[in-house]
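The values are calculated or read from the model by the stated rules, or taken from the named source; none is laboratory data. Just so it is clear, the model here is predicted, and its values are computed rather than measured. Here the Cβ positions follow ideal geometry from the backbone for every residue, glycine too, while neighbour counts run over all protein chains shown. Protein only, heavy atoms only, side chains kept; ligands, DNA and RNA dropped before computing areas. Shrake-Rupley method; radii C 1.70, N 1.55, O 1.52, S 1.80 Å.
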Amino acid sequence: MSGSPDVAVIGAGIVGCAVAAFLAEAGAAVVLLERETIAAGASGRNSGLLQHPMDAALAPLFAESLEHYRALEEHGFALASEPNGMLVVAEDERELGREAAALRVAFPGLDAELLPAGEPAALEPALAPRLAAIRLATGYAIPPHAATEAFAARARAAGAEIRVGAHAALADGGVRTGAEMIEAAAVVVAAGPWTPGLVDPSGAWRPIAALWGVVCELRLPAPPRHALEEAGIDTLLRAPGEPAPLFSLITAGAISALGSTFLSRAPEPAALVPALRA
């Protein structure tokens with residue numbers, strides 16, 4: 001790339017790297033600016049699960065996303081041909097039964113199956129015998145940062161320039177990084193929860209609310225094959241105050257990611273790990 005870029009992208013998370021790749025492949029001159037490292041935020045520190053959204057409006061987007069992930073193989077990322085499967089677990093078997101029935105009607109392709117208490121433990125010995133579960137045909141376990149790194153490699157291969165360590169701010173006609181002004185015909189801000197602060201430093205425009213998550217990585221002697229998730233995330237996020245941690249356990253390779261938290265302020269991660277393990 002020589003001269004001014006057509007597009008400057010701020011933020012090298014999964015969205016920013018994918019946008020840079022798609023634009024560069026379409027023929028645009030692209031510069032991608034990241035203040036820390038590629039996948040520094042949630043794109044590299046998540047539970048590592050690509051799953052059906054269980055939302056009719058988002059289902060077509062999920063199907064399209066799968067095809068984009070599969071196209072990353074030549075850039076060092078391989079998506080499994082079949083999902084790992086997912087167990088949504090709880091002690092209230094009757095409530096799970098109602099949820100499974102609703103899922104069978106809304107999303108028959110998920111093959112929602114109610115497993116009575118004891119059966120989930122037979123499938124995954126790490127689970128307590130008292131737990132029931134809904135088994136779903138979804139859930140692709142991936143190393144959390146792997147897809148973002150692959151999209152970054154794809155962007156570079158298409159000619160995009162990636163600058164790590166660049167603190168970017170919007171300016172008339174482009175982006176400013178310190179003393180340097182980068183003129184660009186268009187700017188894409190893909191900085192996650194930091195996006196509103198970049199777009200409108202006055203604080204008047206705040207469509208995105210940050211939630212801070214803590215996930216710890218474990219090496220288990222017998223890691224589960226299914227993705228495991230505690231039921232009740234919708235209820236949890238509607239409750240007032242700071243939500244309690246929600247149990248999830250997803251294994252990609254030899255590493256199991258244990259989570260998760262949904263906090264309004266930045267936490268001290270080490271202080272939350274005992275609660276997650278419990």
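Within the range 113-120, identify whether any single residue is more than 18 Å from MET86 (Cβ to Cβ) and exposed (fewer than 14 other Cβ atoms within 10 Å of the Cβ), and answer yes or no.
Yes: one or more hits.
Give me the pairs, please: first residue somewhere in the range 257-276 and farther than 20 Å from PRO224 by Cβ, second residue anywhere and modelled with pLDDT under 85 and charged (D, E, K, R), beta-carbon distance under 8 Å, and either six or more positions apart or on two chains.
Going by the 8 Å Cβ cut-off, the qualifying pairs are LEU263/GLU242; SER264/GLU242.
Strands (runs of 3 or more DSSP E) wholly in the range 76-153 with at least 3 residues that are touching a residue at least 24 places away in the same chain (Cβ under 8 Å) and of a type outside the set (Asp, Glu) - which ones?
It comes to 86-90, 132-136.
Filter the range 4-50 down to the residues that are over 13 Å from GLY159 (Cβ atoms) and open to solvent by 60 Å² or more (accessible area, probe 1.4 Å), then identify the one that is modelled with the lowest pLDDT.
ARG45
For the range 154-186, how many residues are in contact (Cβ under 8 Å) with a residue 24 or more places away in the chain, more than 22 Å from ILE14 (Cα to Cα) and not in a strand (DSSP E or B)?
Counting residues in the range 154-186 that are in contact (Cβ under 8 Å) with a residue 24 or more places away in the chain, more than 22 Å from ILE14 (Cα to Cα) and not in a strand (DSSP E or B) gives 1.
Between a first residue in the range 243-255 that is within 15 Å of PRO223 (Cβ to Cβ) and a second residue that is assigned to a loop (DSSP other than H, G, I, E, B) and open to solvent by less than 30 Å² (accessible area, probe 1.4 Å), which pairs have beta carbons less than 7 Å apart while being 6 or more apart in sequence or on different chains?
Matching pairs, first to second residue: SER248/SER47; SER248/SER260; LEU249/PRO224; ILE250/SER47; ILE250/GLY48; THR251/PRO224; ALA252/GLY48; ALA252/ILE142.
Being within 19 Å of THR251 (Cβ to Cβ), of a type in the set (A, V, I, L, M) and at pLDDT 95 or above, is that true of even one residue in the range 94-113?
There is no residue in the range 94-113 that is within 19 Å of THR251 (Cβ to Cβ), of a type in the set (A, V, I, L, M) and at pLDDT 95 or above.
Could you give me the residue pairs with C-beta distances under 7 Å whose first residue belongs to the range 187-209 and is over 24 Å from SER4 (Cα atoms) and of a type outside the set (Phe, Trp, Tyr), whose second residue is part of a loop (DSSP other than H, G, I, E, B) and open to solvent by 70 Å² or more (accessible area, probe 1.4 Å) wherever it lies, and which are 6+ apart or on separate chains?
Sorted first by the residue in the range 187-209, then by its partner, the pairs are GLY192/ALA42; PRO193/ILE208; PRO196/TRP205; PRO196/ARG206; PRO196/PRO207; PRO196/ILE208.
Return the only residue of GLY97, GLY109 being small (Gly, Ala, Ser), on the phi < 0 side of the Ramachandran plot and open to solvent by less than 30 Å² (accessible area, probe 1.4 Å).
Only one candidate passes the filter, namely GLY97.
Which count do you get for residues in the range 128-150 that are open to solvent by 10 Å² or more (accessible area, probe 1.4 Å) and more than 16 Å from VAL89 (Cβ to Cβ)?
9
In the list ARG238, ARG219, which residue meets the criterion of being closer than 24 Å to HIS52 by Cα, loosely packed, with under 14 Cβ neighbours inside 10 Å and basic (Lys, Arg)?
Of the residues listed, the single one that is closer than 24 Å to HIS52 by Cα, loosely packed, with under 14 Cβ neighbours inside 10 Å and basic (Lys, Arg) is ARG238.
Please go through the range 222-235 and pick out each residue that is exposed (fewer than 15 other Cβ atoms within 10 Å of the Cβ), without any contact (Cβ under 8 Å) to a residue 24 or more places away in the chain and either more than 25 Å from ARG98 (Cβ to Cβ) or not acidic (Asp, Glu) (or both).
Listed by number, the list holds a single entry, THR235.
Kindly evaluate VAL189 against the criterion of being in contact with a Ser or Thr (Cβ under 7 Å, 6 or more places away or on another chain), open to solvent by 30 Å² or more (accessible area, probe 1.4 Å), more than 25 Å from LEU276 (Cβ to Cβ) and of a type in the set (Val, Ile, Thr).
Yes; evaluated as a whole, the condition is true for this residue.
Name the single residue that is nearest to ARG154 (Cα to Cα) among those in the range 51-75 being part of a loop (DSSP other than H, G, I, E, B) and among the hydrophobic types (A, V, I, L, M, F, W, C).
Of everything passing the filter in the range 51-75, LEU72 is nearest to ARG154 (Cα to Cα).
In the range 213-245, which residue that is touching a Phe, Trp or Tyr at 6+ places or on another chain (Cβ under 8 Å) and outside any loop (DSSP other than H, G, I, E, B) is farthest from PRO120 (Cα to Cα)?
The extreme case among them is LEU237.
Among the residues of the range 192-203, write down those that are open to solvent by 40 Å² or more (accessible area, probe 1.4 Å) and under 22 Å from GLU36 (Cβ atoms).
Selection gives PRO193, TRP194, LEU198, VAL199, PRO201.
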